[in-house]
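The structure under discussion appears below in the form of structure tokens.
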Amino acid sequence: MTARLPSLNGLRAFEAAARHLSFTLAAAELNVTQTAISHQIRRLEEELGIRLFIRQNRALALTPDARDYLPGVRAAFNDLRLATDRLLRKDDDKALTVSTLASLAAKWLLPRLTDFQEAHPGIDVRITTSTSLVDFQRDNVDAAIRYGRGQWPGLRADWLMADELFPVCSPSLLRGDKPLRRPEDLRDHPLLHTSNANSDDWRLWLTAAGLPADLAKQPGITFDMIFMTIQAAIDGIGVAMGRTSYVQDDIAKGRLVVPFKIALPADAGFYLVAPDGGRDAPKLAAFRQWVVAAAQNKA
């Protein structure tokens with residue numbers, strides 16, 4: 001005999017209340033009243049014949065039965081979301097969603113994207129930015145540009161480009177009262193830093209240049225995104241540690257200069273990654289061909 005499924009509204013109320021351990025927060029998430037959540041939970045408990053929540057001194061706790069029940073309910077709702085996403089994306093074959101770092105999007109990808117749009121006017125490109133790795137099974141993303149060594153299980157990784165590390169600055173800093181001519185002259189200028197992933201770049205470069213690594217600790221300015229650091233260098237605020245992919249266009253247009261000839265090779269690079277599931281959709285195949293060529297200065 002097939003068991004009758006309980007109320008879907010009751011299950012939604014249970015999952016939300018269990019996640020927040022609060023009827024009030026569950027009601028806000030589901031855009032209903034707290035009274036409605038209470039009624040739905042009570043009805044679900046009656047249908048199941050078990051108690052799901054215990055109220056303890058204004059706190060809400062799950063019963064042992066509810067703790068056992070919750071993972072299955074949560075997995076079922078996740079499966080419904082994924083199935084719905086797959087269904088809706090069938091009608092969105094011309095939309096291509098690409099995830100990347102905000103700085104790479106601003107300084108490298110977006111200035112070139114017009115070429116792709118002109119070559120493929122029927123593809124609607126959507127760029128999202130995140131510092132987190134994309135979960136292709138959960139996120140609505142077709143491809144991502146990642147920085148690393150190209151080893152991500154289950155994903156196809158196509159090499160795009162490597163970076164070198166080297167200082168960059170406004171042309172104005174090469175002149176003035178304290179001209180920037182030798183690496184030692186960096187003592188007279190603010191160093192511009194980028195936190196998180198690139199926080200060690202200055203120390204590595206200074207060591208390679210034969211200067212004390214502690215010079216990286218002299219007063220300067222730190223930004224949380226590299227494109228902000230680069231913009232500060234363009235504005236003449238100080239000297240930034242550049243990476244090829246982020247500064248090559250500004251150097252070519254004269255907004256930045258490279259004051260020294262010392263450059264460090266990075267130990268990783270940028271890749272286009274996507275699920276390795278056989279034949280690509282035409283929109284992804286077109287983007288892959290274009291972005292690989294663009295990274296090699298062929299597009």
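The values are calculated or read from the model by the stated rules, or taken from the named source; none is laboratory data. Owing to the predicted nature of the structure, the values given are computational and were not obtained by experimental measurement. In this analysis, Cβ positions are derived from the backbone assuming ideal geometry, glycine residues included, and neighbour counts consider all displayed protein chains. These accessible areas exclude ligands, DNA and RNA; they are computed on the full protein's heavy atoms, side chains included. Shrake-Rupley method; radii C 1.70, N 1.55, O 1.52, S 1.80 Å.
A few remarks follow.
- Charge dipole (the chain, unit charges on Cβ, about Cα centre) - positive-most of V239, T84, P71: P71
- Given charges at beta-carbon only (K, R positive; D, E negative), |dipole| of segment 196-299 in Debye: 340 debye
- Angle in degrees between helix 8-20 and the longest Cα principal axis of the chain, rounded to the nearest 10: 50 degrees
- Calculated from backbone phi, Karplus (6.51, -1.76, 1.60) coupling profile of segment 216-230 in Hz, x at Gly/Pro: 5, 8, 5, x, x, 9, 10, 10, 8, 9, 5, 5, 6, 4, 5
- For L155, residues with placed amide H under 5 Å, excluding near neighbours: D276
- Efficiency of FRET from Cβ geometry, R126 and A208, R₀ 45 Å, rounded to 0.05: 0.70
- For the peptides 218-225, 139-146, the ranking by packing is 139-146, 218-225, with the highest mean count of neighbouring Cβ atoms within 10 Å listed first.
- Overall, segment 105-157 carries a charge dipole of about 280 debye about its Cα centre when +1 sits on the Cβ of Lys and Arg and -1 on the Cβ of Asp and Glu, all other atoms neutral.
- For the chain, with all protein chains in place and a probe radius of 1.4 Å, 51% of the accessible heavy-atom surface sits on carbon or sulfur.
- In order along segment 110-121, the phi-based Karplus estimate (6.51 cos²θ - 1.76 cosθ + 1.60, θ = phi - 60°) of 3J(HN,Hα) comes to 4, x, 9, 5, 4, 4, 5, 5, 5, 7, 9, x Hz; Gly and Pro are listed as x.
- Degrees between helix 34-48 axis and first principal axis of the chain (Cα, 0 to 90, nearest 10): 60 degrees
- With a Förster radius of 30 Å applied to the beta-carbon distance between R138 and L21, the computed FRET efficiency rounds to 0.80.
- Within the chain, helix-based [θ] at 222 nm, where runs of 4 or more DSSP H residues each add -39,500 (n - 2.57), nearest 500: -11500 deg cm²/dmol
- Accessible surface, per residue, of segment 112-262 when the full set of protein chains is kept, probe 1.4 Å, Å²: 53 Å²
- Of the residues Q248, L180, V125, the one whose Cα sits farthest towards the positive end of the charge dipole of the chain is V125 (charges of +1 on Lys and Arg Cβ, -1 on Asp and Glu Cβ, taken about the Cα centre).
- A59-D235 FRET efficiency (beta carbon distance; Förster radius 45 Å; 0.05 resolution): 0.30
- Amide H to amide H, with H built 1.01 Å from N, F53 comes under 5 Å of T63, counting only residues 5 or more places away or on other chains.
- Derived scalar couplings between HN and Hα for segment 170-182 equal 6, x, 5, 6, 6, 10, x, 5, 10, x, 8, 10, 10 Hz in order, rounded to whole Hz, by the Karplus curve 6.51 cos²θ - 1.76 cosθ + 1.60 (θ = phi - 60°), x for Gly and Pro.
- Built amide H within the under 5 Å cut-off of G236, gap 5+: S170
- Relative to the longest principal axis of the Cα atoms of the chain, the long axis of helix 282-295 makes an angle of roughly 20 degrees.
- Rounded to the nearest 20, the Cβ-based charge dipole of the chain about its Cα centre (Lys and Arg +1, Asp and Glu -1) stands at 260 debye.
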